[in-house]
1. Scan the range 15-65 residue by residue and report those that are in contact with a Pro (Cβ under 9 Å, 6 or more places away or on another chain), within 17 Å of R4 (Cα to Cα) and surrounded by fewer than 15 Cβ atoms within 10 Å (Cβ to Cβ).
2. In the range 19-37, which residues are at pLDDT below 90 and closer than 12 Å to L63 by Cα?
3. Being assigned to a helix (DSSP H, G or I) and among the aromatic types (F, W, Y) is the filter here, so list the residues in the range 31-64 that pass it.
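The values are calculated or read from the model by the stated rules, or taken from the named source; none is laboratory data. Please read all numbers here as calculations on a predicted model, not as lab measurements. When we count neighbours, we look across all protein chains shown, and the Cβ atoms used for this are built from the backbone with ideal geometry, even at glycine.
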Amino acid sequence: MFPRLLRALALLRDPRVARLPRVAVVAAFLYALWPLDLLPDWMPPLVGWIDDITILWLALRWLGRSAPAEPPTAASPAAPANRFPGPGTSR
């Protein structure tokens, strides 16, 4: 569970992931912390948390499905090419 959470946090910062799933995850976390819910948290044990957990799970699932298949590399294709190679390199 912990590695998946770390991957989700990394996906929040990945520019290749669409903006809407990232916003949905942040909104789901805020909803879980917000005192007003569809099912109040003061209800019998776990009943009040069902809506919080469900919304957060759906948002994280959407984020995971919108993630690119390959992990980011150090030399991304969007990086500009080095026009002036350093000493000791040949063209």
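1. The one that is in contact with a Pro (Cβ under 9 Å, 6 or more places away or on another chain), within 17 Å of R4 (Cα to Cα) and surrounded by fewer than 15 Cβ atoms within 10 Å (Cβ to Cβ): R65.
2. none
3. Passing the criteria: Y31, W57, W62.
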